[in-house]
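The values are calculated or read from the model by the stated rules, or taken from the named source; none is laboratory data. The shown structure was predicted, so the numbers you read here are calculated from the model rather than taken from an experiment. Backbone-built Cβ (ideal geometry, glycine too); neighbour counts: all protein chains shown. Keep in mind that these areas ignore ligands, DNA and RNA; they rest on the heavy atoms of the full protein, side chains included. Shrake-Rupley method; radii C 1.70, N 1.55, O 1.52, S 1.80 Å.
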Amino acid sequence: MYESCALYAGGVFGTIPELFVRPECRGLVGVGQGLLEAAREFGKSRGWKRLEVTTPPLPEFDRTLAFYEQEGFEVTGARKLKVLL
């Protein structure tokens, strides 16, 4: 998780580039929710305006996307681009 600042976000915000739960713990009640709740509380303590997560737009991440949406996240339609240096 890291902190950024952007006009589109109205100030400082947090990003979770990858939320990883060990395979043997996936699906256990409360594990992912607990991690997101801790991230939310940390963000509030830092004065963040929002919290963003990313997930690849691939079929194998449909379950991940559904989890985030269940937790109140909304798809923003943003694009992620890169250039190698």
inquiry  = For region 53-77, which positions are among the small types (Gly, Ala, Ser) and farther than 18 Å from residue 40 by Cβ?
reply    = 66, 77
ask   = residue 55: in a loop (DSSP other than H, G, I, E, B), under 10 Å from the mean Cα position of the chain (by Cα) and not aromatic (Phe, Trp, Tyr), yes or no?
value = yes
inquiry  = Looking only at region 43-82, filter to residues that are free of Cβ contacts under 8 Å to residues at least 12 places away in the same chain, of a type in the set (A, V, I, L, M, F, W, C) and closer than 16 Å to residue 33 by Cα; which one of those is surrounded by the most Cβ atoms within 10 Å (Cβ to Cβ)?
reply    = 65
remark   = Condition set out of contact with any helix residue (DSSP H, G or I) (no Cβ under 6 Å at 6 or more places or on another chain) and either basic (Lys, Arg) or in a helix (DSSP H, G or I) (or both), scope region 1-31, selection most open to solvent (accessible area, probe 1.4 Å): answer is 22
